[in-house]
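The values are calculated or read from the model by the stated rules, or taken from the named source; none is laboratory data. Everything numeric here is computed off the predicted structure, so don't read it as measured data. As a convention, Cβ positions derive from the backbone with ideal geometry for all residues, glycine included, and neighbour counts pool all protein chains shown.
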Amino acid sequence: MERTPFRAYAVSALLLALLALLFRTLLQLGSSWHRYYVNCQRLRCFPEPPRRNWLLGHLGMTQGNGAGTEQG
């Protein structure tokens, strides 16, 4: 294939479009990260429950006498 001015313009336009797409994607990622960060900052004023086992969850926080689990 010969190197024509049209081919050079087409390749340049394609590279420019890819660069613009990459820039737009980076802006969206930055915006998403900023929203996440701001949301985390806003939620810090609420108290957190104590850390528990990942498998049992908050099961240890309940105080039951076992009356509902008896079979009879």
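Could you grab me the full set of residues in the stretch 35-72 that are modelled with pLDDT of 70 or more and among the small types (G, A, S)? Result: G57, single match.
Beta carbons closer than 9 Å, at least 6 apart along the sequence or on distinct chains, pair a first residue in the stretch 31-49 that is closer than 30 Å to L59 by Cβ with a second that is aliphatic (A, V, I, L, M) for P49/M61.
Taking the condition of a type in the set (D, E, K, R), surrounded by 10 or more Cβ atoms within 10 Å (Cβ to Cβ) and modelled with pLDDT of 95 or more, does R7 pass? Against the criterion (of a type in the set (D, E, K, R), surrounded by 10 or more Cβ atoms within 10 Å (Cβ to Cβ) and modelled with pLDDT of 95 or more), R7 does not qualify.
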